[in-house]
Amino acid sequence: MLELKGVTRHFGGVRAVDGLDLLVPEGCIFGLIGPNGSGKSTTVNLITGLFPLTAGTILFRGERLDDLPTHRRLQKGIARTFQNIRLFGRLTVWQNLWVAQNSPEDRARRSFFARWLGGRRRARDEIAHLLEFSGLAHKADEFAANLSFGEQRRLELARALAARPRLLLLDEPAAGMNSEEIGQLRERILALRARGITILLIEHVMELVMGVTDRIAVLNFGQKIAEGSPAEIQADPVVRKAYLGGGAT
């Protein structure tokens, strides 16, 4: 589904991502891990078009994304969450989900009121489902800024799902969560895979990564140093050295 060929991004003399090759099969949960500063979030920003490539090619379902703006990548089915939560704090939970909807019908109704009136019933049904899935139905009319941290994390995920993604990029979704919340997140991620959504997961909580992923790639100093099953990654001495031996932070 997603293929990166020689993907490179330099910031001046810093090689944040350096010749990265990745292949994410459709329907899998693919983990991307590495020490802080290893290039994980930069990779997500390249896939979504937030940063332009210095070199390389990104393919999604066989189509090159290199020159597509971010909103066109979203329309093609790529959605994401952010490491630092980026919600509309002065909109309600319901409104945060409504503005994120991304169906062809939504895009055909160019004016705000045409979309609101024309798609209201379908929009409400979809949003109700997302609220139930994320455990936020009782908070639908609450301002996003008033939610707890864990609730904001769940809303961030639900907002990404409102775009109907084929590929979902999760950038440290468990950051700041307690063990109970992480367990709930694990079940949600597995449920999304069961629905056919392909997931690229960046995460430092290794219990979560090892518990949900089908395959993992490890970055260090912008380069891939290992790739394999969770069991293979856990046993890899190069990976252990990167984490325990002072890799880039």
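What net charge is computed for the residues neighbouring ALA144, neighbours being all others with C-beta under 14 Å from the C-beta of ALA144, Lys and Arg scored +1, Asp and Glu -1?
Every neighbour counted, the sum reads +2.
Starting from the Cα of LYS40, draw a straight line to each of the lysines and keep only those under 21 Å, dropping any in the same chain fewer than 8 residues away. The qualifying lysines are LYS5, LYS224, LYS241. With the dipole of the chain worked out from charges on the C-beta (+1 for Lys and Arg, -1 for Asp and Glu) around the Cα centre, which of VAL93, LEU22, GLY39 lies farthest toward the positive end? Farthest along the dipole direction, towards plus: VAL93.
Our note on the geometry: Cα centres of region 1-45 and region 64-95, 18 Å apart. Each Lys or Arg adds one and each Asp or Glu takes one away; over the other residues whose Cβ falls under 13 Å from the Cβ of GLU132, this sums to +2.
Computed from the coordinates by the stated procedures, all read-outs in this text should not be read as laboratory data. Since the model is a prediction, treat every value here as computed from it, not as a measurement. In this analysis, Cβ positions are derived from the backbone assuming ideal geometry, glycine residues included, and neighbour counts consider all displayed protein chains.
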